[in-house]
Amino acid sequence: MGTVHARSLEPLPVSGPNLSPSVDELETVEVEPETKQEVLENKRVIVQHVHIDGISRTKDDLLIYEIADVFKAKNLIEVMKKSHEARERLLRLGIFRNVEVLIDTAQGEEALAEGLDVIFEVKEMRRLTGSYNTMVGNNEGSMVLGLKLPNLFGRAEKITFQFSYGTKETSYGLSYFKPQPGNFDKNFSVNLYKVTGQFPWSSLRETDRGVSTEYNFPIWKTHHALKWEGVWRELSSLSRTASFSVREESGHSLKSSISHTMTVDTRNSAILPKRGALLKINQELAGYTGGDVNFLKEDVELQLNTSLLWDSVLSASLWGGLLVPMGDKPSSIADRFYLGGPTTVRGFSMYSIGPQSEGDYLGGEAYWAGGLHFYTPLPFRPGQGGFGDLFRTHFFLNAGNLCNLNYGEGPNAHLQKLAECIRWSYGAGIVLRLGNIARLELNYCIPMGVQSGDRICDGVQFGAGIRFL
């Protein structure tokens, strides 16, 4: 699957009058393959025809956009390269189960001596497909069932229904996705959903019923997402022992917000990168398009990775966020930031840093967190070149703080609060990469800077997720 086939343009003769060549002739024969290879690589060719076999529902205009660059190839190597790139673009559409490529000399009455035909043999997906899989979130797992109608109108549109049942969250949703022909990175989607989540660190249960629309598009080396979301939120106590502060937050609210996310990602892997950087900036404004929730929220994520000697990697991360309530109402417990746990500041229990009431953590309106990590191969490299390469040893230093802000004191007072009573931790452990989907960590943690009310996990701590500090 996925092989690019090319037939010889000029078959070499296989017989000759002299079956016992002299020494001089033998020397000539030795350099002939290199000369022939160089001729084939540099030989000028023209792609005369591109055929796509196996099409029944897909529209021609969508396919023309994806294979147009093949006609720009000037030699055989370019033809093979651009054909492979076109194959990858066709597979990316999510409407084909298989795509094979065959490069042959041009056929027909109008065929040129240097002409080539490129044939894509495709197999379209069924009109209705189903899936069953498991997913790993931030220290939680879930079972996911899905139904999909791919290539609904012949231009890579799809409708997806998904049901997810997890350890802390249950959800189902219906979505419609449509890419722009010729530019898959520009796409539009509409989502209807219901999500019920349990947050034991806050003794809180939240049920969201909402609709959202999102438009994704690239600008130069950045990727942008514009999103509007309208959600009816229902908050309730998870247990009878919930604090009064949590009970006070219980009830219904309607949030209508506009958000923008800009991402620059040059990492070679999103899960356990060896090089590259990530910059992600998110802004959310709620209340100006309706609803009874009003705030401005900023969130920034920065990560730098570099490879060192002996296949080791040094990684540095910095997160920060600010939530500014607008109007007379204070911020909601559902909108605040949370910090602590095996995916953020290790050595502390899940989201157990910052303001709390009677053992229930209420989140904060401002936070920062930083991490420095050193990854190395396992000692003595067991399983090198195979399963052992999925494991890395891990040395880390994490720090962060979370607090509420009094907006009457000014920005200097806010920064001073964030610089006081910093929680930090250090330790070592083992990391397991689960493909490019998630990663598992087993660390021995030593928490430091513990404040009154914080819950710690001194010693061995297990973490699973897709986003780690």
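The values are calculated or read from the model by the stated rules, or taken from the named source; none is laboratory data. Since this is a predicted model, take the numbers as computed values, not measurements. A quick note on method: Cβ atoms are made from the backbone with ideal geometry, for glycine too, and the neighbour counts reach across all protein chains shown. Accessible surface is based on the protein model in full, side chains and every heavy atom, while ligands, DNA and RNA are left aside. Shrake-Rupley method; radii C 1.70, N 1.55, O 1.52, S 1.80 Å.
Here are the numbers for this structure:
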quantity	calculated
In Hz, Karplus ³J(HN,Hα) per residue of the range 431-437 (6.51, -1.76, 1.60; θ = phi - 60°; x = Gly, Pro)	10, 10, 8, 9, x, 10, 10
Highest average packing first - 417-427, 304-314, 394-404, Cβ atoms within 10 Å	394-404, 417-427, 304-314
Rg over Rh, two decimals, the chain (C-alpha only, Kirkwood Rh)	1.08
Mean Cα-pair separation over length for the range 46-124, i.e. relative contact order, pairs under 8 Å, 6 or more apart, %	44
Nearest-ten-degree value, helix 76-92 long axis tilted from longest Cα axis of the chain	40
Computed over the range 325-469: relative contact order in percent, which uses C-alpha pairs under 8 Å that are six or more apart	26
Summed side-chain charge close to L318 - residues other than L318 whose Cβ falls under 13 Å, Lys, Arg +1, Asp, Glu -1	-1
Over the range 46-124 - Rg/Rh using Cα atoms and the Kirkwood inverse-distance radius	0.96
Table column - 3J(HN,Hα) (Hz), the range 308-325, Karplus curve with 6.51, -1.76, 1.60, x for Gly and Pro	10, 5, 6, 6, 9, 9, 10, 10, 10, 10, 9, 10, x, x, 9, 10, 10, x
Percent carbon-and-sulfur accessible area, the chain, ignoring ligands, DNA and RNA, probe 1.4 Å	58
Placed amide H near M326: partners under 5 Å, 5+ positions off or other chain	N294, F295, L296
CD proxy at 222 nm, helix term only [per DSSP H run n ≥ 4: -39500 (n - 2.57); per residue of the chain; nearest 500]	-4000 deg cm²/dmol
In Hz, Karplus ³J(HN,Hα) per residue of the range 101-109 (6.51, -1.76, 1.60; θ = phi - 60°; x = Gly, Pro)	10, 10, 10, 9, 5, 4, 10, x, 5
Mean separation of Cα contacts under 8 Å, 6 or more apart, over the residue count of the range 53-180: relative contact order %	19
Spacing of the two label points (7 Å from each Cα toward its C-beta) at H224 and F163, in nm	3.9
Surrounding net charge for A438, when Lys and Arg each add one and Asp and Glu each subtract one, Cβ distance under 15 Å	+2
Folded to 0 to 90 degrees: helix 23-42 orientation relative to the chain principal axis, Cα	50
Span from the the range 179-252 Cα centroid across to the the range 426-462 one, whole angstrom	27
Per residue accessible area in Å² of the chain, where ligands, DNA and RNA are left out and the probe is 1.4 Å	54
The range 122-277 - charge dipole about Cα centre, Lys and Arg +1 at Cβ, Asp and Glu -1, debye rounded to 20	500
Packing-based ranking, highest mean first, of 195-208, 104-117 given that Cβ atoms within 10 Å are counted	195-208, 104-117
The range 60-106 and the range 312-361: distance between their alpha carbon centers, rounded to Å	47
Nonlocal amide H pairs with V47, under 5 Å, H built at 1.01 Å	L116
